[in-house]
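Step one of this worksheet: look at the structure below.
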Amino acid sequence: MNKWLISLSNGETIDEMDLKSENASDPSPWNKLMQRLEKEKDLHITQIRLQVRGRTYTAPASSQKAKFPSNCEIKNHRYFGRISQDSFGQSEHYICFEFEVKDILIRQIVSRQTGDSWIEVFENAKM
């Protein structure tokens, strides 16, 4: 099972599966989380983790309570999917997360099929 786990500034951990709905017209788990963060202005993401094919991919944490906390401010976490198609029509699905550290945008891309992972870094980029 592929999913994300989010740590929040109040110490809570949100599992994507806990927000998933059987109703296709409901907002996605990520959008539900974003709606909650919009309502609770003092609450924010401190860490994002992806679990893909039995592996966990962890972004740096902004909480000093984390196992390996970052010494830089981390902001603007984002999660999304991506599909790539080659010239033969074969497609591959990816899960991505992004975050900003100072003026650098860092994106981790993980293949849903293989669990392979890449990191992209963009200077002077804003989400």
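The values are calculated or read from the model by the stated rules, or taken from the named source; none is laboratory data. Please read these numbers as outputs of a predicted model, since none were measured by experiment. Cβ: placed from backbone, ideal geometry, glycine included. Neighbour counts: every protein chain shown.
Please verify whether S70 is of a type in the set (S, T, Y) and modelled with pLDDT of 85 or more, treating the condition exactly as stated. So S70 fails the test. Checking each residue in the stretch 1-21 for being of a type outside the set (G, A, S) and either under 20 Å from K65 (Cβ atoms) or assigned to a strand (DSSP E or B) (or both) picks out K3, W4, L5, I6, L8, N10, E12, T13, I14, D15. Based on this model, can you work out whether H77 counts as assigned to a strand (DSSP E or B) and more than 14 Å from S7 (Cβ to Cβ)? Judged against the criteria, H77 is not a match.
Just to be sure before I move on: is L19 surrounded by 12 or more Cβ atoms within 10 Å (Cβ to Cβ) and over 12 Å from the mean Cα position of the chain (by Cα) in the structure I sent? Yes; evaluated as a whole, the condition is true for this residue. Residue count for the stretch 80-127 under the criterion of being surrounded by fewer than 14 Cβ atoms within 10 Å (Cβ to Cβ), within 24 Å of M1 (Cα to Cα), of a type in the set (A, V, I, L, M) and in contact with a Phe, Trp or Tyr (Cβ under 8 Å, 6 or more places away or on another chain): the result is 1.
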